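This report refers to the structure that appears directly beneath it.
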Amino acid sequence: MERAKLQSEFLKMIYKVLSPSVEVKNAIYYPIEELVENIFQHSQRNEGFVFAQYYPTKKFLELSIVDRGIGIANSYKKRRGLEVSDEEAIKLALEGYSAKDDSRGYGVRTSKRVICEGLGGEFLLISGSAAFYSSDNNNLMYKLPDFYWDGVIISYKIPKPKRPVDIYPFLEG
C-alpha cells in the first residue's frame, strides 16, 4: 500500500506542474505505472528509485525509474532459462517477450511507444552493458564495453503536452 501512495503523490506533483488534460494524465500515468511495477515483478528487489524534474524554460519533463536488481538478461535467465546478451535481452523486452511465465510482456514496449509516439518524447533504457535509445523514428542500441549496471535504468524526456494524447493505439493485449 505504501508504494501505491508514494506513486500517487509522485503523479500528483507531476500533474500539478504540467496541468494536463485527462487524456494526457493517462499518457503520463501509464509508463510510470508499468515501469515501476516491473521493478517489483522482475528485479528481485523490493525497492527502486523514481526521479522527475521539470524544466520550465525549456518546457520538458525528465523522469527516471531505476533499480539495482538482477537486470533484464538475468531475469530471462532465471525465469525462462534463456541465456541472452544484454542487447538481446533489451530487444526481447522491446518486442514484448515476457520474462514471466505468462504471455504478457508489453510494459516496456508499450511504455516506449506512449512516450515516443504519443507524447513526442525520448526514451533510454540501460541494463547490464547495453543501452537502447529511441526518439522520433530513431532506435539505437549501444554496447557499453566499460560499463555494467546491475539492474535497469529507464530515463525519458517528454515535452510539456500541448494537445490531448490517446494512448489506446499504443497499448497491446
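Quick notes on this one:
- Condition met for Ala99 (assigned to a helix (DSSP H, G or I) and either of a type in the set (A, V, I, L, M, F, W, C) or in contact with a Leu (Cβ under 9 Å, 6 or more places away or on another chain) (or both)): no
- Whichever residue in the stretch 9-66 is aromatic (Phe, Trp, Tyr) and open to solvent by 60 Å² or more (accessible area, probe 1.4 Å) and, among such residues, is nearest to Ser111 (Cα to Cα): Tyr29
- On the stretch given as the stretch 67-82, residues that are without any contact (Cβ under 8 Å) to a residue 60 or more places away in the chain, of a type outside the set (Phe, Trp, Tyr) and either in a strand (DSSP E or B) or open to solvent by less than 40 Å² (accessible area, probe 1.4 Å) (or both) total 2.
- Matching residues, the stretch 138-162, being in contact (Cβ under 8 Å) with a residue 40 or more places away in the chain and either among the aliphatic types (A, V, I, L, M) or loosely packed, with under 13 Cβ neighbours inside 10 Å (or both): Met141, Lys143, Val152, Ile153, Ile154, Ile158
- Matching residues in the stretch 23-59 - criterion: being part of a helix (DSSP H, G or I) and free of Cβ contacts under 8 Å to residues at least 24 places away in the same chain: Lys25, Tyr29
- Condition met for Asp102 (among the acidic types (Asp, Glu), open to solvent by 10 Å² or more (accessible area, probe 1.4 Å) and either farther than 13 Å from Lys157 by Cβ or at pLDDT 90 or above (or both)): yes
- Evaluation of Ser85 against (1) small (Gly, Ala, Ser); (2) in contact with a strand residue (DSSP E or B) (Cβ under 8 Å, 6 or more places away or on another chain); (3) surrounded by 18 or more Cβ atoms within 10 Å (Cβ to Cβ) (one fails), failing number: (3)
- Qualifying residue in the stretch 138-156 (condition: outside any helix (DSSP H, G or I), among the aromatic types (Phe, Trp, Tyr), closer than 25 Å to Lys25 by Cβ and touching a helix residue (DSSP H, G or I) at 6+ places or on another chain (Cβ under 6 Å)): yes
- Restricting the stretch 120-137 to residues that are among the hydroxyl-bearing types (Ser, Thr, Tyr) and under 24 Å from Ile28 (Cβ atoms), the residue that is surrounded by the most Cβ atoms within 10 Å (Cβ to Cβ): Ser127
The values are calculated or read from the model by the stated rules, or taken from the named source; none is laboratory data. Since we're looking at a predicted model, the values are computed, not measured. No Cβ is skipped: glycine too gets one built from the backbone with ideal geometry, and neighbour counts run over all protein chains shown. Ligands, DNA and RNA are excluded from the accessible area calculation, which covers all protein heavy atoms including side chains. Shrake-Rupley method; radii C 1.70, N 1.55, O 1.52, S 1.80 Å.
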